[in-house]
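The values are calculated or read from the model by the stated rules, or taken from the named source; none is laboratory data. Just so it is clear, the model here is predicted, and its values are computed rather than measured. We place every Cβ from the backbone using ideal geometry, glycine too, and count neighbours over all the protein chains shown. All accessible areas refer to the heavy atoms of the entire protein, side chains included, with ligands and DNA or RNA removed. Shrake-Rupley method; radii C 1.70, N 1.55, O 1.52, S 1.80 Å.
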Amino acid sequence: MNYKVLSRKYRPQNFNEIIGQPHIVDTLINSISSNRLAHGYLFSGLRGVGKTTTARVLAKTLNCLDLQGGQPCGKCQNCMDIAASRSLDVIELDGASNRGIDEIREIKETVKYPPISSKYKVFIIDEVHMLTKEAFNALLKTLEEPPKNVIFILATTDSHKIPDTILSRTLRFDFKRITNKDLIKHMIEILEKENIKYEENALNAIAFKADGSVRDSLSILDRIISYSNSFISYDFVKESLGIIEDKIYLDLLDSIISSDQLSVLTKIKYIIDSGYSIDNFISGFNTFLSNCLVCISGYKKKDYINEET
């Protein structure tokens with residue numbers, strides 16, 4: 001089976017392809033060009049916003065044999081090995097399944113040896129907040145004073161769970177939630193490459209559901225493509241994601257304001273009987289009410305609330 005899901009097929013391979021994080025990309029490019037590299041980085045942020053991808057691109061850039069304008073060439077042996085996750089000098093660990101002190105001891109032993117074919121040996125520890133207290137303590141000294149050709153990149157969705165002793169030894173980058181505008185633009189670029197037609201309001205709905213995550217948006221898009229036979233229509237997206245129209249929320253709000261309890265209960269029962277998730281309903285209704293308040297306060301941008309509502 002040769003098919004690759006969109007999130008893997010179109011995973012950024014250099015800094016120019018990373019979307020929605022210019023503050024991080026520019027800082028890393030400048031630090032590489034001026035040779036002001038930290039020995040430890042902490043990438044924190046929402047799921048699917050590019051933490052692990054940026055870590056891999058950074059590792060690739062540091063070890064590329066033919067840098068082109070501060071970007072990895074993607075063609076040298078080091079670039080190809082890192083992209084294929086087979087480089088012996090770029091070690092990726094999952095903090096959730098390698099969370100004990102024994103795994104950290106292995107890292108401490110490996111750190112002693114110089115890189116095999118690269119300039120730097122890079123350790124990428126994903127979901128680092130899952131490490132045990134003992135594992136964090138064992139990592140402290142190595143993280144503070146690693147050999148000059150070793151770099152640690154820690155990635156986490158929960159930075160508040162990481163001890164202050166680790167935070168103080170790393171250079172922290174906070175990844176932002178990706179805007180709906182950037183998500184839609186990214187999906188359009190991919191759909192054009194895949195030669196798939198789409199309706200723009202369908203992509204708006206997918207971006208809204210992805211909630212700032214590139215990976216989530218592409219996972220949803222993959223599902224819709226399989227379901228809709230190469231045409232992304234709003235009706236397919238609405239049916240697949242269980243999207244409830246604003247009109248239903250507006251009617252419900254009207255019943256609440258008029259204190260019509262029978263009407264409120266009838267409408268909620270209709271929503272549940274129609275197969276919509278109660279979690280989706282509550283989340284969607286909260287968002288709808290929030291957008292209404294924003295609109296009433298004077299904010300008239302149509303991204304928040306449509307003209308009819």
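Ordered from largest to smallest accessible area (heavy atoms of protein chains, 1.4 Å probe), the residues Val150, Val5 come out as Val5, Val150.
Among rounded, prolate and oblate, which fits the stretch 166-238 when a ≥ b ≥ c are the square roots of the eigenvalues of its C-alpha gyration tensor, a/c under 1.5 means rounded, and a/b larger than b/c means prolate? Let's see the in-between values first.
Details: a/c = 2.83, a/b = 2.60, b/c = 1.09.
Note, shape of the stretch 166-238 comes out prolate.
What the Cα atoms of the chain give is an Rg and a Dmax of 23.4, 73 Å.
Estimated purely from DSSP H runs of n ≥ 4, each contributing -39500 (n - 2.57), the mean residue ellipticity at 222 nm for the chain is -15000 deg cm²/dmol once divided by its residues. Excluding same-chain residues fewer than 8 positions from Lys247, which aspartates and glutamates have a Cα within less than 12 Å of its Cα? Partners within reach: Glu307, Glu308.
Accessible area per residue was computed with a 1.4 Å probe on protein heavy atoms; Ser159 scores about 20 Å².
What shape does the stretch 44-188 take by its C-alpha gyration tensor, where a ≥ b ≥ c are the square roots of the eigenvalues and a/c under 1.5 counts as rounded, a/b above b/c as prolate, and the rest as oblate? Please list the in-between numbers first.
Working: a/c = 2.04, a/b = 1.12, b/c = 1.82.
In terms of gyration-tensor shape, oblate.
Based on the Cβ-Cβ distance of Glu194 and Arg47, what FRET efficiency does E = 1/(1 + (r/R0)^6) give at R0 = 35 Å, to the nearest 0.05?
Values: r = 24 Å, r/R0 = 0.69.
So, using R0 = 35 Å, E works out to roughly 0.90.
Pairs Lys60/Lys238; Lys121/Lys181; Lys161/Lys238; Lys238/Lys267; Lys112/Lys176; Lys4/Lys176: which exceed 29 Å Cα-Cα? Mind dumping the intermediate values first?
Details: Lys60/Lys238 40 Å; Lys121/Lys181 37 Å; Lys161/Lys238 37 Å; Lys238/Lys267 19 Å; Lys112/Lys176 35 Å; Lys4/Lys176 27 Å.
Table pairs above 29 Å Cα-Cα are Lys60/Lys238; Lys121/Lys181; Lys161/Lys238; Lys112/Lys176.
Taking Lys and Arg as +1 and Asp and Glu as -1, the other residues whose beta-carbon sits under 14 Å from that of Ile82 total +3. Restricting the stretch 232-309 to trypsin sites (Lys or Arg not before Pro) that sit in a DSSP loop and have at most 11 other Cβ atoms within 10 Å of their own Cβ leaves Lys300, Lys301, Lys302. On a per residue basis, the chain carries 56 Å² of accessible surface, using protein heavy atoms and a 1.4 Å probe.
Using DSSP to call loops (not H, G, I, E or B), can you name the GluC sites (Glu not before Pro) in the stretch 29-120 whose Cβ has at most 16 other Cβ atoms within 10 angstrom?
Here no loop site has a sparse enough neighbourhood.
For the stretch 151-309, the spherically averaged projection of the C-alpha convex hull amounts to 13.7 nm².
With Cα atoms as the point set, the stretch 91-175 shows a radius of gyration and Dmax of 12.2, 36 Å.
Arg86 contributes an accessible area of around 140 Å² to the protein surface, as traced by a 1.4 Å probe with all chains present. Normalised by the number of residues in the chain, the mean separation of alpha-carbon contacts (under 8 Å, six or more apart) gives a relative contact order of 19 percent.
Within the stretch 1-77, which chymotrypsin sites (Phe, Trp or Tyr not before Pro) sit in a loop by DSSP and count at most 10 neighbouring Cβ atoms inside 10 Å? Don't skip to the end; give the middle numbers.
Values: sites: Tyr3, Tyr10, Phe15, Tyr41, Phe43; in loops: Tyr3, Tyr10.
Passing both the DSSP loop test and the Cβ count: Tyr3.
Solvent-accessible area of His39, all protein chains in place: 70 Å² (probe radius 1.4 Å, heavy atoms, ligands and nucleic acids excluded).
In nm, what is the difference between 0.36 nm times the number of residues separating Lys161 and Ile272 and their Cα-Cα distance? Intermediate results must be reported in sequence, preceding the final value.
Details: separation 111, 0.36 × 111 = 39.96 nm, distance 3.72 nm.
Roughly 36.2 nm would be gained on extension.
The label point for Gln68 and the one for Ile296, both projected 7 Å from the Cα toward the Cβ, are 5.6 nm apart. Quick check: the distance between the Cα centres of the stretch 259-309 and the stretch 144-158, to the nearest angstrom? Here the answer is 45 Å between Cα centres. Of His186, His23, the order by accessible heavy-atom surface (1.4 Å probe, DNA, RNA and ligands excluded), from most exposed downward, is His23, His186.
Note on the chain: dipole from Cβ charges, positive end direction compared against Ser31, Ile257, Pro114; the farthest Cα belongs to Pro114. Peptides 248-260, 131-143 ranked from most to least packed, by the mean per-residue count of other Cβ atoms within 10 Å: 131-143, 248-260. Using a simple spin-label model with pseudo-atoms 7 Å out from Cα toward Cβ, Asp260 and Asp174 lie 4.5 nm apart.
Taking a ≥ b ≥ c as the square roots of the eigenvalues of the alpha-carbon gyration tensor, the stretch 22-84 is classed oblate because a/c is 1.5 or more while a/b is no larger than b/c. Measuring nothing but how far apart in sequence close Cα pairs (under 8 Å, 6+ apart) lie, relative to its length, the stretch 215-309 scores a relative contact order of 22 percent. Model label sites at Thr110 and Ser226, defined 7 Å from Cα along the beta-carbon direction, differ in position by 3.2 nm. For the stretch 134-221, relative contact order (Cα pairs under 8 Å, six or more residues apart, normalised by length) works out to 26 percent.
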